[in-house]
Amino acid sequence: MKNCLIAILTIGFLISCSESKETKLQRFLLKGNLMMNDNNEEQAISYFNEALKIDPCFADALNNVGTIYFRQKRFDLALGNYEKAVSCKADFLNGYFNRANTYYELKEYFRALKDIDRVIEVKPDTAIAYFTRGLIFTKLRDFPASLEAFDKSVQLDSKRVEYFVNRATVKFYLKDFDGAKADLVKGKELDANEPTIFNTESLIEVELKNYTGALELINRAITLAPAEPYFVNNRGFIYLSLGDMVKAEVDINRGIGLDPYNGWAYRNKGIFYFMKNDFESAERLLKQALDMDPFIDKIHFYLGMAYLRNGKQGPACTQFDMSEKLGDKMLTADLIKKCK
């Protein structure tokens, strides 16, 4: 029995020694993937790094390390791994797609668009790629291009609720409220408890100045997703519109606490101070919001109003002009006259 045991161990040693490089890479990749699926990210990275010791240009491992960092919102680290993955493997579409999503999170929208266009060029029937293109164009405020992209994503895959909700959001920006509502009805058919549907319906009611109806809808969204900072912040704006300053301040502050990088919350905090006649604080916060995200809705109008109340007519008129060019349609005859 002892000799048999030695023989088995010897054979095992020979198999291990003769294991090919590719087999070792795939073994570490598989182990890392299993750890990722179990949310054991530290161990997953350890396995992927073992693979990268064997082949520093192993694109799959680089991509997966990037994905772990992306999940952790460590976007700079994610970007570095995705960049190396595509530099090692020029036709690595997963790497380009993931890098596009990372550029999107870093607000580098034109770079994101370049990567997603490359994916679409090679795989023109990929619904998620058109959906991502739609998200990018939405951030760039090119709503017709965004709508075209979302149309294509829905055409390729009509079973994804987020495709209909985001297309509804673009139609909302284009003031096509009936079209937006129709998409939200389709979204409810796919998932009646999707909170973003109620949030978007609430935004439509705000534009229609039905603030009571908007409040009811946003409350349904928050019931389904209590810690979603955008919903809480949107309710803060509704309270501002209703003149309930106490509840507005609570929600806006909570929204900032949940996501301190949400420029919309700082816009609303600026509006809050404007309504309290603290125009210096309003100007400061609205400028901060603009610096954080230049594509925030009506930000130029509100900042222009803060400048105007602070006696800065020149900068105010510049902001009003930008607001009009973006189609906000917020200027009254009085404000137009001041800037002539």
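The values are calculated or read from the model by the stated rules, or taken from the named source; none is laboratory data. This is a predicted model, so every value here is computed, not measured. Every residue, glycine among them, receives a Cβ derived from its backbone with ideal geometry; neighbour counts consider all protein chains shown. When the accessible area is computed, the model is the full protein with side chains, heavy atoms only, and any ligands, DNA or RNA have been set aside. Shrake-Rupley method; radii C 1.70, N 1.55, O 1.52, S 1.80 Å.
Taking the residues in the stretch 277-301 that are in contact with a helix residue (DSSP H, G or I) (Cβ under 7 Å, 6 or more places away or on another chain) and of a type in the set (S, T, N, Q) as candidates, determine which candidate is least open to solvent (accessible area, probe 1.4 Å).
Here the answer is SER281.
I'd like to verify a number: residues in the stretch 324-340 that are more than 35 Å from the chain's Cα centre (by Cα) and small (Gly, Ala, Ser), how many?
Of the residues in the stretch 324-340, 1 are more than 35 Å from the chain's Cα centre (by Cα) and small (Gly, Ala, Ser).
Give me the pairs, please: first residue somewhere in the stretch 314-338 and more than 25 Å from LEU140 (Cβ to Cβ), second residue anywhere and surrounded by 15 or more Cβ atoms within 10 Å (Cβ to Cβ) and of a type in the set (Phe, Trp, Tyr), beta-carbon distance under 6 Å, and either six or more positions apart or on two chains.
Cβ pairs passing all conditions: ALA316/TYR307.
What are the pairs, 6+ residues apart or on separate chains, where a residue within the stretch 185-197 that is closer than 13 Å to LYS159 by Cα has its Cβ under 9 Å from a residue that is acidic (Asp, Glu) and surrounded by fewer than 20 Cβ atoms within 10 Å (Cβ to Cβ)?
Filtered contacts from the stretch 185-197: GLY187/GLU162.
Within the stretch 89-144, track down each residue that is aromatic (Phe, Trp, Tyr) and within 29 Å of ASP176 (Cα to Cα). I'd like the intermediate steps shown before the answer.
Step one: list which residues in the stretch 89-144 are aromatic (Phe, Trp, Tyr), which gives 92, 96-97, 103-104, 109-110, 130-131, 137, 143.
Scanning the stretch 89-144 gives TYR104, TYR109, PHE110, TYR130, PHE131, PHE137, PHE143.
So that you can scan it fast, the table gives a plain yes or no per residue for (1) modelled with pLDDT of 95 or more; (2) open to solvent by 10 Å² or more (accessible area, probe 1.4 Å); (3) of a type outside the set (Ser, Thr, Tyr):
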{"position": "ILE256", "(1), (2), (3)": "yes, yes, yes"}
{"position": "TYR266", "(1), (2), (3)": "yes, yes, no"}
{"position": "GLY270", "(1), (2), (3)": "yes, no, yes"}
{"position": "MET275", "(1), (2), (3)": "yes, yes, yes"}
{"position": "LEU303", "(1), (2), (3)": "yes, no, yes"}
{"position": "LYS325", "(1), (2), (3)": "no, yes, yes"}
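Table: residues versus (1) closer than 23 Å to VAL161 by Cα; (2) open to solvent by 60 Å² or more (accessible area, probe 1.4 Å); (3) without any contact (Cβ under 8 Å) to a residue 24 or more places away in the chain.
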residue: TYR109; (1), (2), (3): no, no, no
residue: PRO124; (1), (2), (3): yes, yes, yes
residue: ALA127; (1), (2), (3): yes, no, no
residue: TYR130; (1), (2), (3): yes, no, no
residue: ARG133; (1), (2), (3): yes, no, yes
residue: THR138; (1), (2), (3): yes, no, no
residue: PHE143; (1), (2), (3): yes, no, no
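Rundown of residues vs (1) farther than 18 Å from PHE131 by Cβ; (2) over 22 Å from the mean Cα position of the chain (by Cα); (3) assigned to a loop (DSSP other than H, G, I, E, B), yes/no style:
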position	(1), (2), (3)
TYR163	no, no, no
THR169	no, no, no
ALA180	no, no, no
ALA214	yes, yes, no
ILE218	yes, no, no
ILE222	yes, no, no
PHE231	yes, no, no
ASN234	yes, no, no
ILE238	yes, yes, no
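Okay, residues lined up against (1) farther than 23 Å from ASN262 by Cβ; (2) modelled with pLDDT of 95 or more; (3) among the hydroxyl-bearing types (Ser, Thr, Tyr):
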site	(1), (2), (3)
ALA51	yes, no, no
LEU77	no, yes, no
ALA90	yes, yes, no
TYR96	yes, yes, yes
ALA100	no, yes, no
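Among residues belonging to the stretch 182-212 that are charged (D, E, K, R) and open to solvent by 50 Å² or more (accessible area, probe 1.4 Å), point out the one that is farthest from the chain's Cα centre (by Cα).
Among those that are charged (D, E, K, R) and open to solvent by 50 Å² or more (accessible area, probe 1.4 Å), it is LYS209.
Can you tell which of ASN40, ASN49, ASN33 is open to solvent by less than 60 Å² (accessible area, probe 1.4 Å) and either more than 29 Å from ALA149 (Cα to Cα) or in contact (Cβ under 8 Å) with a residue 24 or more places away in the chain (or both)? Reasoning before the result, please.
Working: ASN40 fails: open to solvent by less than 60 Å² (accessible area, probe 1.4 Å); ASN49 fails: open to solvent by less than 60 Å² (accessible area, probe 1.4 Å).
Within the list ASN40, ASN49, ASN33, the selection yields ASN33.
Tell me whether the stretch 308-323 contains one or more residues that are among the aliphatic types (A, V, I, L, M), open to solvent by 30 Å² or more (accessible area, probe 1.4 Å) and within 25 Å of the chain's Cα centre (by Cα).
Going through the stretch 308-323, the residues among the aliphatic types (A, V, I, L, M) turn out to be 308, 316, 322.
Remaining after also requiring open to solvent by 30 Å² or more (accessible area, probe 1.4 Å): 308, 322.
Still in the running and within 25 Å of the chain's Cα centre (by Cα): 322.
Yes, some residue in the stretch 308-323 is among the aliphatic types (A, V, I, L, M), open to solvent by 30 Å² or more (accessible area, probe 1.4 Å) and within 25 Å of the chain's Cα centre (by Cα).
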